[in-house]
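Structure, as structure tokens:
The values are calculated or read from the model by the stated rules, or taken from the named source; none is laboratory data. These figures come from a predicted structure and were not determined experimentally. Each accessible area value is taken on the protein alone, full model and side chains, heavy atoms only, with ligands, DNA and RNA left out. Shrake-Rupley method; radii C 1.70, N 1.55, O 1.52, S 1.80 Å.
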Amino acid sequence: MKKKDFVFTLGLTLFMGILWIVGELVMGLWIAVVPAVRMAWRIAIIVLTVGISVWHSLIEDKSEKKSPRQAKYERKINNRRNKNNKKKSKKKR
């Protein structure tokens, strides 16, 4: 698992946990509901969290779509540019 996927999953879990707690507080303090509604709320939060997480994992990262040749070419060009920039900065001194 990549770091950005872990951060997304952790953030999603925290957000949905807070949303669930706020919903429970609203149902407990201000809106009188039957226990079945609380169970439906809990199931809805879990299903929504899992659904968003699976959807996010299925999205292809654009950086992974590059062919190995294209990635190698870009690294080569970037290395040349970096070397040329270093030479130019040394000449200016």
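Between rounded, prolate and oblate, where does the stretch 1-41 land on the alpha carbon gyration tensor, with a ≥ b ≥ c its root eigenvalues, rounded for a/c under 1.5, else prolate if a/b exceeds b/c? In terms of gyration-tensor shape, prolate.
Ligands, DNA and RNA are left out, and with a 1.4 angstrom probe the accessible area of the stretch 1-42 is 79 Å² per residue.
Full extension of the segment from ARG80 to ARG38, taken as 0.36 nm per residue of separation minus the current Cα-Cα distance, would add 9.0 nm. If the segment from ARG69 to VAL47 were pulled out straight at 0.36 nm per residue, it would be longer than the present Cα-Cα gap by 3.9 nm. Full extension of the chain segment joining LEU29 with VAL7 gains 4.7 nm, where the gain is 0.36 nm per residue of separation less the Cα-Cα distance. Global size of the stretch 1-80: 20.8, 68 Å for Rg and Dmax (C-alpha atoms, Rg to one decimal, Dmax whole).
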